[in-house]
Structures are given as structure tokens and as C-alpha cells.
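The values are calculated or read from the model by the stated rules, or taken from the named source; none is laboratory data. Model, not experiment: these values are computed from the prediction. A quick note on method: Cβ atoms are made from the backbone with ideal geometry, for glycine too, and the neighbour counts reach across all protein chains shown. Side chains included, ligands, DNA and RNA excluded: accessible areas come from the protein's heavy atoms. Shrake-Rupley method; radii C 1.70, N 1.55, O 1.52, S 1.80 Å.
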Amino acid sequence: MKVVLDTNVIVSSLLFRGPASAIHAFVLDGTILPLVSRPIIEEYQRVLGYRKFRLQAEDVEYLMQSEILPWSRMLDAPTGSAWIPEDPSDDHFVNLALVEENTLLISGDRHILDHRATLPCKVLTVAECLDILHKL
């Protein structure tokens with residue numbers, strides 16, 4: 001299953017116990033193939049570096065090099081389409097989900113979820129994604 005993981009999902013899956021950590025397990029076993037782009041990688045790095053997570057630079061680098069990049073497919077995503085006016089940085093996730101057919105955007109971001117009925121890609125919460133995966 002090809003997915004684009006919003007930053008809140010990737011952070012929760014790597015740093016906290018809970019439903020999102022099951023997403024990471026599905027990545028590691030190959031059930032989920034995360035798609036990433038340069039702007040998304042940069043956002044992951046920036047957010048993982050937030051002081052509130054108390055990660056050192058080498059911890060962030062480890063997560064990127066060992067837990068994210070080896071399990072992901074890097075793609076170029078078009079820019080310019082504006083989908084989320086409240087938070088234009090979220091447009092990167094939507095645009096990437098449109099690059100390959102049948103790609104799901106997994107998010108807990110209120111801005112994305114509020115627009116999911118009008119977005120041109122399928123958007124699921126972590127719980128909705130896990131419901132699908134547990135039925136496979």
C-alpha cells in the first residue's frame with residue numbers, strides 16, 4: 001500500500017506508543033510503502049528537531065537515515081497547487097499523494113482532515129488506515 005505520511009503521523013509513529021506506532025510496524029514489514037519528497041523530508045527533519053521532543057541532532061539524523069529513508073520511495077512532486085489555504089505547507093503532502101495512483105494520505109492534521117471531502121486524493125486517519133490494514 002502506497003501512502004504519504006503527514007508529519008504528525010511520522011512523528012507519532014516513531015516517538016510515541018499508540019496507534020501510529022502500528023503504522024511504523026507496517027512500514028517495516030513492507031505492507032506500507034511511504035512516499036516522500038524533498039520538501040516532506042525537510043519538514044520531517046525540522047519537526048523532529050523541535051525542542052519539545054528533546055532529540056539531539058544525531059538522534060534526528062538516525063531516525064531519518066535508519067527509520068524513514070530506507071523504507072521510503074523518494075519522488076519529485078509538482079508544486080503550485082494550493083489545496084490547504086490555512087496551512088500551505090500541507091499542500092506538499094496532497095501534491096505528493098497525487099503523483100502515483102492509489103496513494104493514500106494518512107493524516108491527523110486538522111487542516112487536511114477538514115478538507116478531505118474536497119481533496120483530489122484519499123485521506124485517512126491513522127485509525128481508518130489501521131482498520132484497512134488489519135483486514136488485509
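Accessible surface of the chain, 1.4 Å probe: 52 percent of it comes from carbon and sulfur atoms. Using C-alpha pairs under 8 Å with a sequence gap of at least 6, the mean separation divided by the residue count of the chain gives a relative contact order of 30 percent. Ordered from largest to smallest accessible area (heavy atoms of protein chains, 1.4 Å probe), the residues Arg46, Arg17 come out as Arg17, Arg46.
Give me Rg over Rh for the range 33-104, both radii from the alpha carbons and Rh done the Kirkwood way, two decimal places. Looking at the range 33-104, the ratio lands at 1.01.
For the range 78-126, the per residue solvent-accessible surface stands at 51 Å², with DNA, RNA and ligands left out and a 1.4 Å probe.
Put Lys52, Lys135, Lys122, Lys2 in order of accessible area, highest first, and with a 1.4 Å probe you get Lys135, Lys52, Lys122, Lys2.
Mean silhouette area of the range 1-66, derived from the convex hull of its C-alpha atoms and averaged over all directions, reads 4.3 nm². When Cα extents along the principal axes in Å is calculated for this entry, the matching label among (1) 38, 35, 25; (2) 58, 26, 18; (3) 41, 40, 23 is (1).
In the assembled protein chains, Arg38 presents an accessible area of approximately 130 Å² (probe radius 1.4 Å). Averaging Cα coordinates gives a centre for the range 1-23 and one for the range 52-87; these two points are 12 Å apart.
With the whole protein complex present, His111 retains an accessible surface near 40 Å², based on a 1.4 Å probe.
With every protein chain in place and a 1.4 angstrom probe, the accessible-area ranking of Tyr50, Tyr62, Tyr44, largest first, reads Tyr62, Tyr50, Tyr44. Rolling a 1.4 Å probe over the protein chains gives Phe26 an accessible area of about 40 Å². The charge dipole of the chain, taken about its Cα centre with unit charges on the Cβ atoms of Lys, Arg (+1), Asp and Glu (-1) only, comes to about 280 debye. Can you spot the lysines whose alpha carbon is less than 27 Å from Lys2's alpha carbon? Ignore those fewer than 8 places along the same chain. Partners within reach: Lys122, Lys135.
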